[in-house]
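Written out below as structure tokens is the structure these notes cover.
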Amino acid sequence: MADGTVYDFGSGCTNPETFPVQGLADAAARAITTVGEDFTRYPGDLGHAGLRQVLAARETEREGVEVSADHIALTNGSMQGVTLVAEALMAADGKPDIVVCEELTYSGTIGAYRRLGLRLEGVALDEDGMIPADLERVMESLHTAGTPPRFLYTLSTYQNPTGSVMPRARRLEIIAIARRFAVPIVEDNCYADVHFDGDKQPSLYALDPDGTDHIYLCSLSKILGPGVREGYIHARPPMLARLLDRRFDGGNSLLTASVLAEFFRHRLWDHCAEMNAALQQKRDAVLVGLEATVSDLCTWSRPAGGLFIWVTLPDDVDLDHLLQLTTERGVRCARGRSFHIHDTDVPNIRLAFGQPTVAAINAGIPILGECIRAACSGEARANAAG
Ligand SMILES: Cc1ncc(COP(=O)(O)O)c(C=O)c1O
């Protein structure tokens with residue numbers, strides 16, 4: 001890589017080796033012929049009907065609840081959904097625009113919401129995701145201050161960066177709290193089908209069939225690639241109309257959507273299975289490498305899905321020094337601080353395992369281990385040894 005990176009554990013992109021080049025090329029030829037002169041017209045706010053049907057079937061199959069293609073709007077990645085929601089739910093009522101979210105969350109969302117002028121209020125999280133008692137505390141205090149949040153943004157499945165999955169009982173608690181405070185839930189579920197092992201948990205919207213305020217964001221970035229820029233919003237009317245009222249882009253590319261519809265119509269799950277098998281090998285390679293090199297110093301998550309392993313470093317690690325060493329040795333990883341809503345330093349790094357090959361993982365994790373060891377003071381090593 002031009003920046004000197006040899007071992008890329010920084011990028012949250014998915015597995016390149018299973019990108020279906022030929023399948024998409026064939027699908028493109030068929031789709032372009034079929035759509036033909038319709039490309040001379042705008043796709044509309046919802047977008048290509050065929051892809052919406054494929055995505056509604058994806059949701060129905062995974063969640064076991066009926067999802068209507070009429071309640072899906074295609075977006076430019078899920079990121080367009082993230083910002084569209086914020087713009088639609090902000091209000092010019094003289095009060096601050098506040099969003100409640102996990103205190104560690106996706107850096108892209110943190111950056112976008114800050115730039116849009118939203119204030120982020122964090123909820124503590126543990127290995128099961130957002131902690132209901134802390135959510136209740138945050139909601140209560142905002143309510144008492146007369147500044148209720150505009151919405152609750154949550155990554156309940158394969159959380160970015162921690163990899164946690166919220167158990168069903170906790171999901172129901174979160175839904176109940178949001179309902180009690182009349183706050184819409186925005187569920188960002190872009191890792192939904194990147195699943196390796198363990199039980200699958202239902203999405204919040206599937207557990208809340210009467211939740212008319214519920215907004216669900218998903219994407220094809222993590223099962224195909226962010227280069228295709230295809231995501232979607234699922235929401236019921238009138239919420240869907242409220243969101244689309246902020247849409248001024250003429251709609252989502254009919255060219256991309258028609259090709260993806262053609263490609264995924266009959267092979268969505270086969271494709272996911274192939275990709276997940278490859279990603280699981282990569283996850284396991286990282287886990288084995290960490291065990292072999294830093295088990296006396298660090299702890300880490302063992303994610304059942306998603307693309308990230310969250311490593312907890314010894315408290316006395318010198319993070320600046322660590323990042324300097326890793327950069328010098330061609331290893332890229334993400335500093336925990338970039339995922340903290342207040343930019344607070346935390347003794348963590350996020351390792352993304354989608355992009356490097358298994359060989360690069362096997363070579364890179366020991367180097368990372370050496371860097372971690374060198375960035376920890378002797379005291380940490382002595383304690384670990386003792
Ligand atoms: C939680 C979360 N939401 C949204 C995105 C943006 O994805 P997309 O490429 O679909 O816009 C990412 C990308 O890493 C993410 O982790």
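Some values worked out for this structure:
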quantity	calculated
Under 5 Å, built H, 5+ apart or other chain: amide partners of PHE151	VAL100
Karplus (6.51, -1.76, 1.60) ³J(HN,Hα), θ = phi - 60°, over segment 6-23, in Hz, Gly and Pro reported as x	10, 10, 9, 9, x, 8, x, 8, 8, 6, x, 5, 9, 5, x, 4, 5, x
Ranking of TYR232, TYR113 by count of other Cβ atoms within 10 Å, fewest first	TYR113, TYR232
For segment 280-386, alpha-carbon Rg over 2.2 N^0.38 Å	1.01
Overall form of the chain per C-alpha gyration tensor (a/c, 1.5; a/b vs b/c)	oblate
Environment charge of ASN15, counting only residues whose C-beta is closer than 14 Å and scoring Lys/Arg +1, Asp/Glu -1	-2
Karplus (6.51, -1.76, 1.60) ³J(HN,Hα), θ = phi - 60°, over segment 24-40, in Hz, Gly and Pro reported as x	6, 4, 5, 5, 5, 4, 5, 5, 5, 5, 6, 6, x, 6, 4, 5, 7
Normalised contact order of segment 1-160, rounded percent, pairs of Cα under 8 Å and 6 or more residues apart	17 percent
Gyration tensor (alpha-carbon) shape descriptor, segment 204-349, a/c threshold 1.5	prolate
For segment 1-94: rounded, prolate or oblate by the Cα gyration tensor [a/c cutoff 1.5]	oblate
Candidate lysines for bridging to LYS222, where Cα separation is under 20 Å - those fewer than 8 sequence places away on the same chain excluded	LYS200, LYS282
Share, in percent, of DSSP beta bridges within the chain that are antiparallel, nearest 5	55 percent
Under 13 Å, Cβ to Cβ, from THR357 - net charge with Lys/Arg +1 and Asp/Glu -1	-1
Computed over segment 292-374: relative contact order in percent, which uses C-alpha pairs under 8 Å that are six or more apart	37 percent
The chain, relative contact order [Cα under 8 Å, separation at least 6], %	26 percent
Charge tally in the Cβ shell below 11 Å around VAL35, where Lys, Arg are +1 and Asp, Glu are -1, VAL35 excluded	-1
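All of the numbers you see were taken from the coordinates with simple rules; none came from a lab. Just so we're clear, the structure is a prediction, and the values are computed from it rather than from any experiment. All Cβ positions, even for glycine, are placed from backbone atoms using ideal geometry, and neighbour counts span all protein chains on display.
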